[in-house]
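The structure appears below as structure tokens.
The values are calculated or read from the model by the stated rules, or taken from the named source; none is laboratory data. A quick note: this is a predicted structure, and the numbers were derived from the prediction, not measured. In this analysis, Cβ positions are derived from the backbone assuming ideal geometry, glycine residues included, and neighbour counts consider all displayed protein chains. Areas reflect the complete protein model, heavy atoms only, side chains present, ligands, DNA and RNA absent. Shrake-Rupley method; radii C 1.70, N 1.55, O 1.52, S 1.80 Å.
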Amino acid sequence: MSRKACVVGAGPNGLSAAIVLAQAGLRVEVLEAQSTAGGGARTLELTLPGFRHDFGSAVYPFAAGSPFFSSLPLIDHGLQWIHSPAALAHPLDDGTAVMLERNLHATTESLGIDGRAWDNLVRPFVERWSEFGPDVLHPFPFIPKHPWLMARFGMVAIRSARAVASRFQSERARALFAGLAAHSFLSLNEPLSAAFAILLATLAHAVGWPIPRGGAQSITDALCGHLSTFGGEVNTSSPVESLAALKNYDLVLCDLTPQQLTRIGGQRLSAGYKRQLQKYRYGAGVFKVDYALNAPLPWKARECFRAATVHLGGTFEEIAASEKTIRSGQNADRPFVLLAQPSLFDSTRAPAGKHTAWAYCHVPNGSDVNVLQKLEDQIDRFAPGFRDCILARRVFYPADLEKMDANLIGGDIAGGIVDIHQFLFRPTWRHYRTSAREIYICSASTPPGGGVHGMCGFHAARMALSRLNGSQP
């Protein structure tokens with residue numbers, strides 16, 4: 001306990017890094033600028049009293065499948081997962097919905113003519129998630145423990161969503177795949193966009209797409225609770241304006257994106273390294289709305305009531321056109337909307353008989369355009385009359401999101417674009433290392449990227465410990 005470490009930022013990656021360091025015997029202090037720990041994993045009363053909304057992420061396939069989180073006794077600190085009967089619903093204009101069921105066989109059966117193609121695409125990774133997960137959530141390049149499995153994934157993951165979706169004959173399967181791929185924030189014609197669809201589908205069948213009882217804050221509270229068992233401390237309302245103020249630590253790990261790290265780095269980071277960070281590129285932002293409702297959303301497709309997550313965008317071609325428009329720096333007329341309805345499955349989110357909904361669409365980074373009507377028109381398209389259910393709404397432009405979490409640069413919730421270059425060099429060729437031996441970066445701007453899984457913090461802390469102990473140059 002003679003060695004000390006400081007973690008800047010109490011998001012899931014910062015807390016994960018802190019736990020790894022504390023487990024190794026270091027005295028750990030976490031400094032968080034906001035008044036509540038969690039970053040994008042917080043739950044707040046954003047609309048009316050008694051309505052609890054997730055500020056950032058709301059549904060957690062990566063958290064449920066995280067190799068690191070799975071190694072921690074988070075259940076002992078109050079974390080409870082709730083699984084909706086189906087992982088995802090994707091409604092169509094004919095009044096039906098394509099369902100991503102938790103059970104792989106049920107999904108393949110529902111996809112009919114495309115069932116076998118779906119099964120062939122994901123089954124190898126579903127059945128071996130316990131082996132595949134640690135490899136796929138590992139920084140690249142590396143020698144995987146299961147090279148043939150990773151090679152099989154890589155052969156399809158590197159391709160565009162459009163190319164992989166061509167193996168499906170029906171518009172229903174193609175639409176389902178498009179919605180999953182749109183989580184990439186890439187055009188569906190771009191390389192790597194297929195990777196997101198395959199990985200999210202795999203997680204749905206392997207571990208589900210659960211929500212935490214009580215909201216995202218439950219994940220943060222469980223991580224903080226486990227950290228405290230090792231003596232780690234989380235200090236909120238403690239912004240770090242300069243790394244020069246953190247000289248009395250053996251290690252400093254920053255759950256920050258390159259823009260903030262450059263700002264506070266000062267002379268502790270070399271000019272050359274800061275120039276590399278300044279070249280880092282952020283992706284599209286999001287325009288988010290939280291709703292307090294007097295009733296559940298009135299879906300035309302009854303199947304939508306079985307899923308905590310609903311993708312609203314129609315066909316593959318519609319979603320592809322929307323994402324291509326965003327990548328070109330413009331707002332889409334019919335944006336792809338991601339919607340969560342946690343109160344259908346978790347009664348703690350709203351007063352009795354009332355409900356919450358959480359929705360966002362992609363917009364150009366930093367956009368100040370009001371797209372509320374376009375977003376709500378997409379909801380109304382599949383849940384006609386839903387506006388009659390609204391008691392209150394809270395709208396977040398990209399700048400509003402960044403104000404509440406400085407890591408959300410321009411509303412980018414993924415920590416930076418994940419194209420080929422920034423997949424390989426995230427945020428630079430050094431990955432977690434900086435130009436200062438004792439300073440590391442551990443945010444979603446490092447491998448394996450966005451998602452609440454803690455693996456960025458886990459890998460960064462492991463590297464920092466190895467170098468501190470002299471086992472790695």
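When the chymotrypsin sites (Phe, Trp or Tyr not before Pro) in the stretch 419-449 are filtered for DSSP coil states and for at most 16 other beta-carbon atoms within 10 Å of their beta-carbon, the remaining sites are 425, 429.
The spacing between the stretch 194-219 and the stretch 232-306, judged by their C-alpha centroids, is 20 Å. Relative to the longest principal axis of the Cα atoms of the chain, the long axis of helix 217-228 lies at roughly 20 degrees.
Any idea of the accessible area per residue across the stretch 55-203, 1.4 Å probe, to the nearest Å²?
Accessible area per residue: 40 Å².
A simple spin-label model places pseudo-atoms 7 Å from Cα toward Cβ; at residue 388 and residue 148 they are separated by 5.9 nm.
Annotation for residue 103 and residue 250: the two label points, set 7 Å from Cα along the Cα-Cβ direction, are 5.2 nm apart.
Which chymotrypsin sites (Phe, Trp or Tyr not before Pro) in the stretch 47-81 sit in a loop by DSSP (not H, G, I, E or B) and have at most 16 other Cβ atoms within 10 Å of their own Cβ?
Passing sites in the stretch 47-81 do not exist.
Using a probe of 1.4 angstrom and keeping all protein chains present, the accessible surface of the stretch 250-393 works out to 38 square angstrom per residue. Of the chymotrypsin sites (Phe, Trp or Tyr not before Pro) found in the stretch 113-147, those in coil by DSSP whose Cβ has at most 12 other Cβ atoms within 10 Å are 142.
Partners of residue 274 within straight-line reach, counting lysines whose Cα lies under 26 Å from its Cα and excluding those fewer than 8 residues away in the same chain: 4, 247, 403.
For residue 102, nonlocal amide neighbours, meaning residues 5 or more places apart or on other chains whose placed amide H falls under 5 Å from its own, are 87.
What the Cα atoms of the stretch 1-116 give is an Rg and a Dmax of 19.7, 65 Å. For residue 348 and residue 170, a Förster radius of 41 Å and the Cβ-Cβ distance give a FRET efficiency of 0.60, rounded to the nearest 0.05. How much of the accessible area of the chain, probe 1.4 Å, is carbon plus sulfur, in whole percent? Looking at the chain in its full context, I get 52 percent from C and S. Note on residue 399 and residue 263: with the Förster distance fixed at 22 Å, the Cβ-Cβ geometry gives a FRET efficiency of about 0.80. A full extension of the chain between residue 328 and residue 48 corresponds to an added length of 97.1 nm, given 0.36 nm per residue minus the alpha carbon distance.
P(r) for the stretch 392-473, from all Cα pairs and a bin width of 5 Å, is 3, 15, 19, 20, 17, 12, 6, 4, 2, 1, 0, 0 %, short bins first.
Roughly how big is the chain's charge dipole about its Cα centre, with Cβ charges of +1 (Lys, Arg) and -1 (Asp, Glu), in debye to the nearest 20? Provide the component values of the computation, followed by the final result.
Numbers: 45 positive and 39 negative charges, 238 e Å.
For this selection, approximately 1140 debye.
Considering only 428, 193, 371, the residue lying farthest towards the positive end of the dipole of the chain is 428, judged by Cα position with unit charges set on Cβ. With each label modelled as a point 7 angstrom along the Cα→C-beta vector, the residue 377-residue 35 pair spans 3.8 nm.
Sorted into 5 angstrom bins from 0, the C-alpha pair distances of the stretch 291-386 split as 2, 14, 22, 23, 16, 12, 8, 3, 0 percent.
Return the calculated 222 nm mean residue ellipticity for the chain, to the nearest 500 deg cm²/dmol, obtained by summing -39500 (n - 2.57) across DSSP H runs with n ≥ 4 and dividing by the residue count. Walk me through the intermediate numbers first.
Details: 18 runs with 167 residues, N = 473.
That comes out to -10000 deg cm²/dmol.
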